[in-house]
Amino acid sequence: MHMAAPATLELVLTEKWDADSVVFCKYMDGKALRISNCVISSAFAGGEEVTSLSFQVQETGDTYYLVGGKNGDGAEAGGTGTNGQASETDTAGSNSSVAGTDGSSSEDTTDGGSQEEGQEGTVHTCTISIECSTILDNWDDLKQSKAEFVPTNGWILYPSEVEFTEGETVFDILKRVCKETDIHISSRYTPMYGSYYIEGLNQLYEFDCGQDSGWMYRVNGWYPNYGCSSYEVSDGDKIEWRYTCDLGVDVGGGSY
């Protein structure tokens, strides 16, 4: 049965799904019929990285599947088979990480070519911090439901020295540190720029404190004009994640 208008659902998996493309489909006459593409994003739950899939549902009444694969390898169906009603149940209570996404057919969850944790190589160190002190100066603009996630002094993660191996990016280090410290993180791959975009940290998302708010990163006092998964970290780098309420002006970064 076709719906009067499509609905966007989010399915949060219990583990990380190793796929860089996922489609929502059903089988007809022994063949998979694609209904819509899925938007892939990452989050951490209970200290573990998990995959979140957002997709549009235009009909009900059949058995539907989410089929994932890697570009160039062909889709693999080793994942989540479900019907429309089960999908709606599983997605209840999901976060806002898919709000405003464009349903692009080229979403990706690869790590941008970075090295796996534990890979042999020379160990380097850098410092990383996460803070949102600008929210304290714009409290009236903050969504009331997000007040509990703002520390009284603005520090989510004090400057911390961490080890990394050559080739790792700002995104790799942020993702690992958030996992180790159980800080929530939500990211989305942007095919147009070939990089990951940080939507939320510690349950604080873009637009949570006004229409010009969101996360920016700075390395050694400079705000790069490209995604964090494209910035390879060097020994001794100082990485700062800062929440802006004024398109970067209030953190000395211009426009983000």
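Computed quantities for the displayed model
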| item | result |
| --- | --- |
| Close pairs from the stretch 142-166: first among the acidic types (D, E), partner at pLDDT below 95 and assigned to a loop (DSSP other than H, G, I, E, B), Cβ under 7 Å, at least 6 apart | E166/G121; E166/T122 |
| Filtered residues of the stretch 126-147 (kept if assigned to a strand (DSSP E or B) and either within 22 Å of the chain's Cα centre (by Cα) or under 16 Å from F207 (Cα atoms) (or both)) | T127, I128, S129, I130, E131 |
| Selected residue (criterion: surrounded by the most Cβ atoms within 10 Å (Cβ to Cβ)) from residues of the stretch 148-184 that are assigned to a loop (DSSP other than H, G, I, E, B) and on the phi < 0 side of the Ramachandran plot | E168 |
| Residue in the stretch 196-206 that is in the same structural domain as D235 (by TED's automatic domain parsing), in contact (Cβ under 8 Å) with a residue 12 or more places away in the chain and farther than 21 Å from F149 by Cβ present | yes |
| Residues of the stretch 206-218 satisfying the condition of being surrounded by fewer than 18 Cβ atoms within 10 Å (Cβ to Cβ) and on the phi < 0 side of the Ramachandran plot | Q211 |
| Hits in the stretch 205-235 (condition: among the β-branched types (V, I, T) and part of a loop (DSSP other than H, G, I, E, B)) | V233 |
| Tabulated pairs, the stretch 235-246, first in the same structural domain as I183 (by TED's automatic domain parsing) and without any contact (Cβ under 8 Å) to a residue 60 or more places away in the chain, second surrounded by fewer than 22 Cβ atoms within 10 Å (Cβ to Cβ) and basic (K, R), C-beta under 8 angstrom, 6+ apart or interchain | none |
| Single residue of the stretch 236-256 satisfying the filter (outside any helix (DSSP H, G or I) and among the β-branched types (V, I, T)) that is surrounded by the fewest Cβ atoms within 10 Å (Cβ to Cβ) | I239 |
| Enumeration of residues in the stretch 192-204 that are modelled with pLDDT of 95 or more and either hydrophobic (A, V, I, L, M, F, W, C) or not in a strand (DSSP E or B) (or both) | I198, L201, N202, Q203, L204 |
| Criterion violated by T91 - all others in (1) more than 18 Å from R188 (Cβ to Cβ); (2) modelled with pLDDT under 75 satisfied | (1) |
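The values are calculated or read from the model by the stated rules, or taken from the named source; none is laboratory data. None of the values given here were measured: they were computed from a predicted structure. Neighbour counts are summed over all protein chains in view; Cβ atoms, including those assigned to glycine, are modelled from backbone coordinates with ideal geometry.
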